[in-house]
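Written out below as C-alpha cells is the structure these notes cover.
The values are calculated or read from the model by the stated rules, or taken from the named source; none is laboratory data. No experiment lies behind these values; they were computed from the predicted model shown. Please note: Cβ atoms are built from the backbone with ideal geometry, for glycine as well, and neighbour counts cover all protein chains shown.
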Amino acid sequence: MKASVHRSFWLGQVLDGEDSLSLAGSIHADIAIVGGGYTGLWTALRIKKAEPAADVVVLEADVCGAGASGRNGGLAHGWWEKLAQLIAICGVAEAKRLCETSEAAVDELERLDRDGTLPSDFIRGGKLSVATTPAQVGAWDALLALCERNGVDPFEPVSAAAARGRVDSPTFLGGVFESSAATVHPGKLVRGLRKLALRHGVKVYEHTPMRALERATPPRVHTPGGSVTADHVVVALGAWAAGLPEFHRRLYVVSSEVVVTPPIPEELRRIGWIDGESINDGQARVLYGRTTSDGRIALGRGGGRLAFGGRLDRGFDRNRRSSEDVAAALRRLYPSLAGLKVEHDWSGPIDRTLTGLPVFGRLGGHPKISYGIGWSGTGVAPTLIGGRILASIALDLDDGWQRCGLVEQRSLGKLPPEPIRYAGGAVVRRAVVRKAAREDASRKVDRLTHSIAGLVPRLPEA
Ligand SMILES: Cc1cc2nc3c(=O)[nH]c(=O)nc-3n(C[C@H](O)[C@H](O)[C@H](O)COP(=O)(O)OP(=O)(O)OC[C@H]3O[C@@H](n4cnc5c(N)ncnc54)[C@H](O)[C@@H]3O)c2cc1C
C-alpha cells in the first residue's frame with residue numbers, strides 16, 4: 001500500500017509530527033499485529049492487559065489511523081441493527097449477547113473518555129435512523145418486530161414530527177431512535193489508542209508495510225526494512241485484507257465518502273441539531289451524519305466505488321465526484337445550506353462481507369495466524385469486541401471469546417470471483433444510484449431498475 005496523501009479532516013486535526021518508528025532489521029516478537037487501526041490497536045491493548053509481559057509489535061504501512069479508523073464518521077453504536085444477521089449466524093442467545101456487548105463497548109468508550117484514559121470527544125447523543133423518502137418509510141419495521149419478539153427494545157419508534165423535533169430536516173419522515181448511540185472524534189480515538197498502546201509497552205512501527213506473510217511455523221512478516229518472526233501473527237488489515245488470497249471470495253471493498261462543512265453553529269441551532277445526535281437514512285447507499293464539537297456537519301454516504309480484486313487506488317482516499325454527490329445530499333436534507341461550500345472531503349474503504357458482520361478465524365487454518373476483518377461500515381465501537389476476540393485467539397485464553405459466534409462462522413455463501421464480481425457489482429450499483437435518485441425526486445422507479453437494485457448483496461432480513 002502507498003502512503004495516503006489526502007488525509008481526513010479528523011486526522012488533519014490530530015497528526016502533529018509525533019515521533020514515529022519504522023522497523024529496521026529482523027526481530028522476534030511474541031505477537032505481531034499487522035495493521036494499526038482500531039482492530040490492531042485494541043488487540044494489542046487487550047493482549048497487554050491479559051499478559052503484560054508479552055512482547056507485542058504493531059506494523060502499520062502508513063501512520064496509525066491512516067485507514068478507515070482515521071476516516072470514519074465517528075458514529076459509535078452497537079450491533080442491534082444487525083440482530084437478524086447475527087441470529088442467522090450464531091442463534092438468538094449469542095446474537096443478543098453480542099449486541100449487548102457491542103452496546104457495552106459504547107459505554108467503555110464513554111468511561112475511557114471521561115476518566116481521561118482515551119479522550120475522544122465522546123458525546124452520547126443517540127442515533128436517529130430516519131426515512132428521507134416515502135420509499136424508505138417502514139424500513140425499520142421488521143427490525144422493531146424482531147426486537148419485540150426477542151424481548152429487547154434498543155430502538156424507540158419516532159414519527160415524522162418526533163424526528164423533526166430532534167433534528168429538523170423537511171425530508172424526515174419518521175424512523176427509529178437508538179438512545180445508546182454516541183459520536184466520537186475518530187482521529188482522537190485512533191491516535192489516542194496508539195499513545196495508550198505505546199504507554200503499555202507495545203512497539204508500534206509506522207511506515208512499515210507488510211510486503212509478504214510467510215505462512216510458516218513460526219510465521220514471519222516481511223517488511224521493506226526487515227522482518228518480524230512471531231509466535232503468533234494477527235491480521236488486522238481492514239479493507240486491505242481483500243488483497244490476501246484467503247479473502248478473495250469473502251470480502252469486497254466499496255468506498256464511502258465524507259464531507260465536512262465550515263462551522264455553522266447558528267444554523268445548527270436553527271435546525272435544532274445541538275444535542276450531539278447522529279443520523280442515518282434507510283437507503284442502500286446509506287447516508288450518515290453528525291455534528292462536530294466546533295459546530296460543523298460531517299455527512300457521509302456508503303456504497304461508493306467498488307475495488308477491483310480488492311485493489312485500493314488513490315480514488316479510495318479522495319473522489320471529488322462522489323463527494324459532490326454527498327454535498328448534494330446535504331443540500332437536499334437542508335435546503336437552507338444550499339449556498340454553503342463544504343470545507344473538507346475524503347474517501348475511505350469499507351471492508352464488506354456478505355452478512356455485513358466481521359469474520360474472525362485462523363488464516364487458511366494456520367493455528368498461529370489469526371484475522372479479524374469485514375466490519376462492513378460498523379467498527380467504531382464493535383472493534384473493542386474484535387480486540388477481545390483476537391487477543392483470546394492469539395493467547396489461547398479460556399475466556400470464551402475465541403469461541404464466540406463470530407469466530408470461524410459457517411459460510412453463508414461466497415462472493416463471485418473477479419472479473420464477474422466487479423462487472424456485476426458495477427451494474428447493480430448503477431441501478432441503486434438510479435433508484436435512489438428517482439426516489440429523492442419523488443419519481444417512479446421502473447421495474448428493471450428495482451429488480452437490479454435488489455441484487456445488492458443483502459443481509460438476511462429480520
Ligand atoms: C468513510 C468511512 C466512514 C465510516 N463510518 C463509520 C461510522 O460512522 N461508524 C462505525 O462504526 N464505523 C464506520 N466506519 C467503519 C470503521 O471505520 C471501520 O470498521 C474500522 O475503522 C475498522 O478498523 P480496522 O482497524 O479493522 O481497519 P483500518 O482502520 O482500515 O486499519 C487497517 C490498517 O492497515 C494498514 N495497512 C494496509 N496495508 C498494510 C500492510 N501491507 N502492512 C501494514 N499495514 C497495512 C492501513 O494503513 C490501516 O491503517 C467507516 C469507515 C469508512 C471508511
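A few remarks follow.
- Taking the numbered list (1) within 14 Å of the ligand (Cβ to nearest atom); (2) assigned to a helix (DSSP H, G or I); (3) free of Cβ contacts under 8 Å to residues at least 24 places away in the same chain in turn, residue 269 passes all entries but (1).
- Candidate set: region 1-55, residues that are at pLDDT below 95 and within 11 Å of the ligand (Cβ to nearest atom); chosen: the one surrounded by the most Cβ atoms within 10 Å (Cβ to Cβ): 4
- Positions within region 89-119 being assigned to a loop (DSSP other than H, G, I, E, B) and either without any contact (Cβ under 8 Å) to a residue 40 or more places away in the chain or among the charged types (D, E, K, R) (or both), in sequence order: 115, 116
- Residue check, residue 295 more than 15 Å from the ligand (Cβ to nearest atom), touching a Leu at 6+ places or on another chain (Cβ under 9 Å), in contact (Cβ under 8 Å) with a residue 24 or more places away in the chain and on the phi > 0 side of the Ramachandran plot: yes
- The set of residues in region 360-375 being in contact with a Ser or Thr (Cβ under 6 Å, 6 or more places away or on another chain) and within 14 Å of the ligand (Cβ to nearest atom) consists of 372, 374.
- Of residues in region 251-266 being within 11 Å of the ligand (Cβ to nearest atom) and of a type outside the set (Asp, Glu), the one surrounded by the fewest Cβ atoms within 10 Å (Cβ to Cβ): 254
- The condition of being in contact with an Asp or Glu (Cβ under 6 Å, 6 or more places away or on another chain) and surrounded by 22 or more Cβ atoms within 10 Å (Cβ to Cβ) holds for only one of 73, 78, that being 78.
- Qualifying residue in region 120-128 (condition: in a helix (DSSP H, G or I) and either at pLDDT 95 or above or more than 15 Å from the ligand (Cβ to nearest atom) (or both)): no
- Scanning region 182-203 for residues that are more than 10 Å from the ligand (Cβ to nearest atom) and either within 21 Å of the chain's Cα centre (by Cα) or assigned to a helix (DSSP H, G or I) (or both) yields a count of 12.
- Unmet criterion (only one of (1) under 19 Å from residue 126 (Cα atoms); (2) more than 14 Å from the chain's Cα centre (by Cα); (3) more than 9 Å from the ligand (Cβ to nearest atom)) for residue 290: (3)
- Region 64-82: number of residues that are within 8 Å of the ligand (Cβ to nearest atom) and either within 12 Å of residue 190 (Cα to Cα) or in a helix (DSSP H, G or I) (or both): 10
- The number of residues in region 322-375 being more than 20 Å from residue 239 (Cβ to Cβ), in a helix (DSSP H, G or I) and either of a type in the set (Phe, Trp, Tyr) or out of contact with any Pro (no Cβ under 9 Å at 6 or more places or on another chain) (or both) comes to 11.
- Flag set for residue 314, criterion: more than 22 Å from residue 177 (Cβ to Cβ), within 14 Å of the ligand (Cβ to nearest atom) and over 18 Å from the mean Cα position of the chain (by Cα).
- Check on residue 98, within 23 Å of residue 392 (Cβ to Cβ), away from the ligand (no atom under 15 Å from the Cβ) and modelled with pLDDT of 95 or more: no
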